[in-house]
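> Sharing a structure here in structure tokens format.
The values are calculated or read from the model by the stated rules, or taken from the named source; none is laboratory data. Just so it is clear, the structure is predicted and the values come from calculations on it, not from any experiment. Please note: Cβ atoms are built from the backbone with ideal geometry, for glycine as well, and neighbour counts cover all protein chains shown. Areas reflect the complete protein model, heavy atoms only, side chains present, ligands, DNA and RNA absent. Shrake-Rupley method; radii C 1.70, N 1.55, O 1.52, S 1.80 Å.
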Amino acid sequence: MSYDALRHFADSWGLVFMALTYLILIGWHFLPHGRRASTRAATMIFEPDTEKTEADHG
């Protein structure tokens, strides 16, 4: 496969593949399960920390 053929393939199908991947990854967060997970991840730092760590035991 020559460089020109590979470049033509990457310019056409590579761009389509990257665009579809981008749309799928962005759209994943708008699904019901993805929205709940995103909201929980965004508010996780505001939840009280109830876990005991080794430093808590002295």
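> Filter segment 2-54 down to residues that are in a loop (DSSP other than H, G, I, E, B) and out of contact with any helix residue (DSSP H, G or I) (no Cβ under 8 Å at 6 or more places or on another chain), then give me how many there are.
The initial filter retains those residues of segment 2-54 that are in a loop (DSSP other than H, G, I, E, B), namely 2, 29-31, 47-53.
Still in the list and also out of contact with any helix residue (DSSP H, G or I) (no Cβ under 8 Å at 6 or more places or on another chain): 2, 30-31, 47-53.
Of the residues in segment 2-54, 10 are in a loop (DSSP other than H, G, I, E, B) and out of contact with any helix residue (DSSP H, G or I) (no Cβ under 8 Å at 6 or more places or on another chain).
> Residue pairs, Cβ under 7 Å, 6 or more apart or interchain, first in segment 1-30 and open to solvent by 70 Å² or more (accessible area, probe 1.4 Å), second not in a loop (DSSP other than H, G, I, E, B) and not acidic (Asp, Glu). List them.
Listed by first residue and then by second, the contacts come to Trp28/Gly34; His29/Arg35; His29/Ser38.
> Same structure, new question: Could you check how many residues of segment 12-46 are modelled with pLDDT of 85 or more and of a type in the set (D, E, K, R)?
1
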